[in-house]
Amino acid sequence: MRRLYPATLSLLAVLQVNLLAQLPVVQGNLSSTGRDRLSILQVFPDSLPQVSLIFRAENQNGEALFGLKPSALTVEEDQQPCKIIDFRPLSEGMPLLVNMVLDQSTSMYFDVLELNRLKIRPQDVKVDSNGQFIFPKRYTPPLIQARNAIQHFIEKLNLGKDKLGYIGFSKEVKLRIPPTQNKEKLIQSLANLEAAASTAFYDALMVALQNYESDYGMKVIIALTDGNDNSSVFTFDDVVDLSKEKEIPIYIIGLGEVNADSLNLLALKTDGQFFYAPTANMLDSTYQIIQNRINAFYELIYESRNLTASDTLRSIYLGFMTADSTLLYDEATLRLHPKLRQRLIEISEQRRQTKNRNNALALLGFISVAAVGAGLVFFTFRPKKQKHVDGIMLLPNPADTSTIAKLKRKVKSGKWQVISQHGHNMFEEENTTSELQLNVGSWPTGTYVITFTSPKGEIQQTNLLVQH
C-alpha cells in the first residue's frame, strides 16, 4: 500500500473540492496593466561627463513604443539642456542581465482550470512511493510548463552578450545561480526542478535583487508565482525599497488564483509590469511578451555640462514627444560617489589646461599678425617651404540644426575638434577629410571653437555660433 504524506493528502483534498465546484473558465487574453509613460530604469554615470540612461517608453496598453528618434527626445540635468551623444535600442549595445525567479511550491503541480477542462478527477492523480504525483499523460503540470517556457527564453537570449540567472523557491530559496552565459548549467538546473511546501515569494525576490555580481549591464528580474506569500521573512516594502535602491525593475507573472492587485502594485512600484495568466498554457507566450518588451528598452548617452565635483546630487529630466504631440517624461537622480567626484576634478583640470593652451596659441597668432603689419619681423634665413592650411569655412554660420566645416585647402588627414564656450569637448575625430558635417540641433545655444590640426601640428581655428 502506498504511503500518502500529510501534505499530499491535504493538496488532494483541496484539488477535489476545486474540481467538484466546477469553477468557470476565465475568458479573455493575457493582460498587462499600465498607462502611457516613459520610465528611466537605470542611470550609469561611470563614464562622466558622459552619462548613460536606460529607459522604457510604452503606450497605455503597456506595449513598447518602437522607432524613437533622438530629435523627439530632450535631456536636462539640473534644468540645463544636455547634448545627446548616442541613442539606440538596448539590444544593440549594453548587456542584459536577467534573474528568473520561479515558484516551486507544491501548488505548481496543479492547474485547476486545465484539470477541469480535461475532466481529470482527483482519483485519476496517483502518488508514487516517494510521494510524487503521477498525472495522466494528457496533462502537463504548471511547473513543467514554466520550465519549458524559461528554456525557450534562454534559446532566444543572446548569450554572447547577455546573461541569465535563476532563483527557485518554495518555503525558502532552494536554488540560486548567479547570471551566467553557461547555457548547459542553466538547462541542467531546470531539468531537476521539484516542488515542495509553502511560498516565500518576497524572500526569493530579495535574494534575486542581490544575485548580481559587479557586471555592467541592464539588470531585470522576471518572477513567476501561483499563490500568495505565506512564509517570507521579508516584506512587500522591503522588496520595493531594495529594488529602487538598486534600480532593478521586477516583471511579475501571476498564475491562476493569485492576488492580482497586490502583485500588480508590486510590479508598478518597482518600475516593472504585471502579467496575469489564468492557465499554465499561457506561460510560454507570457515569457515571450516580456522578452520582447525588455529587448525594446533604449539606451541614451548624454554629456553632462556640469563638471563641478561638489554637486553630488543632480536631477535628470528625460522627455519624449510622441507622434500625436503627447509629452511623456520621467525624472531621476544622479548620485556621484567619491571616485566620480575625483574624476570630475581631473577632467576640469585637463580642460582648463587645454583652454589655456588654446588661448596662448590664439594670442601668439595675434602677436605675429600685428608684428607683420608693423614691419617688425625680419627673416635672417629662408625657412624650408611647408604646406599649410589656409582657414576654415562654415556654411551656414550661425547654424540651427547642422553646419558644414570645410578647409580652404584639401588635406588627406588631420584632427577636428569642437570646444564649447564652457570648455566642453563637443566633438573630436581624427583621420578625416577636409570637410566635416556637424549636427548641432541638440547643442545648447552659444559659441563654439572649431579647430583643425594637421599631422605637422598646423592649427586652424574659427568660431561657430549656434542659435535655436
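The values are calculated or read from the model by the stated rules, or taken from the named source; none is laboratory data. These numbers come from a predicted model, not from an experiment. Cβ sites come from the backbone with ideal geometry, for glycine too, and all protein chains shown count toward neighbours.
Quick notes
Residue-wise test of (1) buried (at least 21 other Cβ atoms within 10 Å of the Cβ); (2) modelled with pLDDT under 85.
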residue: 94; (1), (2): no, yes
residue: 99; (1), (2): yes, no
residue: 104; (1), (2): yes, no
residue: 117; (1), (2): no, no
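- Check on residue 418, part of a loop (DSSP other than H, G, I, E, B), at pLDDT 75 or above and among the hydrophobic types (A, V, I, L, M, F, W, C): no
- Of all residues making up the range 313-327, the number that are at pLDDT 85 or above and surrounded by 13 or more Cβ atoms within 10 Å (Cβ to Cβ): 6
- Any chance residue 268 is in contact with a Leu (Cβ under 7 Å, 6 or more places away or on another chain) and assigned by TED's automatic domain parsing to the domain that holds residue 153: no
- The test for being outside any loop (DSSP other than H, G, I, E, B) and modelled with pLDDT under 85 holds for residue 123.
- Residue match in the range 164-177 (condition: surrounded by 14 or more Cβ atoms within 10 Å (Cβ to Cβ), closer than 15 Å to residue 101 by Cα and of a type in the set (S, T, N, Q)): yes
- Residue satisfying condition, being β-branched (Val, Ile, Thr) and within 29 Å of residue 62 (Cβ to Cβ), within set 233, 258: 258
- Selected residue (criterion: nearest to residue 60 (Cα to Cα)) from residues of the range 289-315 that are in a strand (DSSP E or B) and over 16 Å from the mean Cα position of the chain (by Cα): 315
- Residue, surrounded by the most Cβ atoms within 10 Å (Cβ to Cβ), within the range 123-163, restricted to residues that are under 41 Å from the mean Cα position of the chain (by Cα) and among the small types (Gly, Ala, Ser): 146
- Residue that is nearest to residue 147 (Cα to Cα) [pool: residues in the range 280-312 that are among the hydroxyl-bearing types (Ser, Thr, Tyr) and crowded, with 19+ Cβ neighbours inside 10 Å]: 287
- Scope the range 20-60; condition at pLDDT below 80 and crowded, with 19+ Cβ neighbours inside 10 Å; matching residues: 32
- Here is the figure for the range 442-457: residues that are over 18 Å from residue 359 (Cβ atoms) and surrounded by fewer than 16 Cβ atoms within 10 Å (Cβ to Cβ) total 3.
- Residue list for the range 277-321, restricted to those being within 30 Å of residue 138 (Cβ to Cβ) and either of a type outside the set (Ser, Thr, Tyr) or free of Cβ contacts under 8 Å to residues at least 12 places away in the same chain (or both): 277, 278, 280, 281, 282, 283, 284, 288, 289, 290, 291
- Residue match in the range 231-247 (condition: aromatic (Phe, Trp, Tyr) and at pLDDT below 90): no
- Residues in the range 85-114 that are assigned to a loop (DSSP other than H, G, I, E, B) and more than 17 Å from the chain's Cα centre (by Cα): 104, 105, 110, 111.
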